[in-house]
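Participant: Have a look at this one.
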Amino acid sequence: MNLQQLRYICEVERQNLSISLAAASLHTSQPGVSKQIHLLEQELGVRIFERSGKRLTGVTAPGRIILAQAKEVLRDVQNIRQIGTEFTNEIAGSLSIAATHTQARYALPRAIKQFTGRYPQVNLHIHQGNPTQIAEMVESGLADIGIATEALALHEQLVVMPCYQWNRCVVAPPGHPILKQKTLTLEAIAHYPIVTYDFAFAGRSLINKAFEARGLTPNVALTALDSDVIKTYVGLGLGIGLLARMAFDPEQDKNLRMRDCAHLFEPSTTLIAVRRGTFLRGYMYDFIEFFAPHLTRETVDKAMQRD
């Protein structure tokens, strides 16, 4: 048994049992991955994956246990490497951040600017996805840090810390009747087609909850994964937009007008997450504090120990 074999089985699982995708991700050959998996199964005396011909179709019961342990081993190896690197080169390395489009576009730039100014030798990578995808990226080690809304808290393998709260606004083209409402209500919003976030985003559930509490069924004409797409289609006249307040910029969105509607919805909380048991390098602590100043190194360490 070797670390390469453990990496192979974990990557195959991550790639939905596709050996070809796993091989491409690992920059190796498909036959090489298959051979190493067979050798590991022979050594252990059990099948890790279920098969139909040459195709993998599932994970066996012992395979699930082996994969869980393999992931722990690989995490421990990564932590050992991080410790060595931390004490030999404190200002260079890499940092991978997974975030939703809205967070990456509107909340991250300030922290990124601070970080790159402090750590110019750190290679920074930003991945985008919905909250579930972000959680999976952090759990798998593809990302060091995840930033999204409430959904991250549902994943037990993550240490999750609150950053800040935000709420929503309505956007519409100039002259739209919704902008003339003296007091903005859910009933008024429900009267028009709505362009808002996809169901994959946790904040969407709070929108639905507010309408349901008033016995209303909103006319959701179009959903999208990011705020810029929502604003684009609102500008084309497909409906009024319901999006994060931070995503509206009067200077950049001159073709639209905005009404705050924080009084109509529960606030959402942006969370930052790291994988449980991860060794955080010094610059990772600094990035977290740049993004959420109240999350000092001491605060983060307490959260890691508590969870």
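The values are calculated or read from the model by the stated rules, or taken from the named source; none is laboratory data. Predicted model, so just to flag it, every value in this text is computed and none were measured. Note that each Cβ is placed from the backbone with ideal geometry, even for glycine, and that neighbours are counted across all protein chains shown. With ligands, DNA and RNA removed, areas are computed over all heavy atoms of the protein, side chains included. Shrake-Rupley method; radii C 1.70, N 1.55, O 1.52, S 1.80 Å.
Participant: Which members of the range 39-75 meet the condition of being without any contact (Cβ under 8 Å) to a residue 60 or more places away in the chain and of a type in the set (G, A, S)?
Facilitator: Across the range 39-75, the qualifying residues are G45, S52, G53, G58, A61, G63, A68.
Participant: Can I ask one more? Of the conditions (1) crowded, with 19+ Cβ neighbours inside 10 Å; (2) in contact with a Pro (Cβ under 6 Å, 6 or more places away or on another chain), C261 fails just one. Which one is it?
Facilitator: If we test C261 against (1) crowded, with 19+ Cβ neighbours inside 10 Å; (2) in contact with a Pro (Cβ under 6 Å, 6 or more places away or on another chain), just (2) comes out false.
Participant: Based on what the data block shows, is L280 of a type outside the set (S, T, Y), closer than 22 Å to I126 by Cβ and in a loop (DSSP other than H, G, I, E, B)?
Facilitator: When the stated conditions are applied, L280 passes them.
Participant: Consider T296 against the criteria (1) open to solvent by 10 Å² or more (accessible area, probe 1.4 Å); (2) modelled with pLDDT under 95: it satisfies all of them except one. Which criterion is unmet?
Facilitator: (2)
Participant: Inspect all residues belonging to the range 42-54 and state whether any of them is closer than 21 Å to E139 by Cα and of a type outside the set (F, W, Y).
Facilitator: yes
Participant: Can you find a residue in the range 114-121 that is more than 30 Å from D226 (Cα to Cα) and modelled with pLDDT under 95?
Facilitator: Yes: the range 114-121 contains one or more residues that are more than 30 Å from D226 (Cα to Cα) and modelled with pLDDT under 95.
Participant: Hey, any hits in the range 35-55 for a residue that's among the polar types (S, T, N, Q), at pLDDT 90 or above, under 18 Å from L3 (Cβ atoms) and open to solvent by less than 50 Å² (accessible area, probe 1.4 Å)?
Facilitator: Yes.
Participant: For the range 135-157, which positions are farther than 17 Å from F287 by Cα, hydrophobic (A, V, I, L, M, F, W, C) and in contact with a His (Cβ under 8 Å, 6 or more places away or on another chain)?
Facilitator: If the condition is that a residue be farther than 17 Å from F287 by Cα, hydrophobic (A, V, I, L, M, F, W, C) and in contact with a His (Cβ under 8 Å, 6 or more places away or on another chain), then A135, M137, L142 are the ones that fit.
Participant: Could you please give the count of residues in the range 5-34 that are touching a residue at least 24 places away in the same chain (Cβ under 8 Å), open to solvent by 30 Å² or more (accessible area, probe 1.4 Å) and hydrophobic (A, V, I, L, M, F, W, C)?
Facilitator: The number of residues fulfilling the criteria is 1.
Participant: Select, from R257, R245, the only residue that is closer than 15 Å to T149 by Cα, in contact with a strand residue (DSSP E or B) (Cβ under 9 Å, 6 or more places away or on another chain) and charged (D, E, K, R).
Facilitator: Step by step, each of R257, R245 is checked, and only R245 is closer than 15 Å to T149 by Cα, in contact with a strand residue (DSSP E or B) (Cβ under 9 Å, 6 or more places away or on another chain) and charged (D, E, K, R).
Participant: OK, next. When the range 205-258 is examined, which residues are found to be acidic (D, E) and either over 16 Å from V170 (Cβ atoms) or open to solvent by 30 Å² or more (accessible area, probe 1.4 Å) (or both)?
Facilitator: Of everything in the range 205-258, those that are acidic (D, E) and either over 16 Å from V170 (Cβ atoms) or open to solvent by 30 Å² or more (accessible area, probe 1.4 Å) (or both) turn out to be E212, D226, D228, D249, E251.
Participant: I147 passes all but one of (1) surrounded by fewer than 22 Cβ atoms within 10 Å (Cβ to Cβ); (2) on the phi < 0 side of the Ramachandran plot; which number fails?
Facilitator: Only one criterion in (1) surrounded by fewer than 22 Cβ atoms within 10 Å (Cβ to Cβ); (2) on the phi < 0 side of the Ramachandran plot is unmet by I147, namely (1).
Participant: In the list Q78, Q114, Q121, which residue meets the criterion of being open to solvent by 60 Å² or more (accessible area, probe 1.4 Å), closer than 15 Å to R276 by Cα, more than 20 Å from the chain's Cα centre (by Cα) and touching a residue at least 24 places away in the same chain (Cβ under 8 Å)?
Facilitator: Residue meeting the stated conditions: Q78.
Participant: Within the range 58-67, restricting attention to residues that are open to solvent by 50 Å² or more (accessible area, probe 1.4 Å) and within 27 Å of the chain's Cα centre (by Cα), which residue is nearest to L17 (Cα to Cα)?
Facilitator: By that ranking, first place goes to R64.
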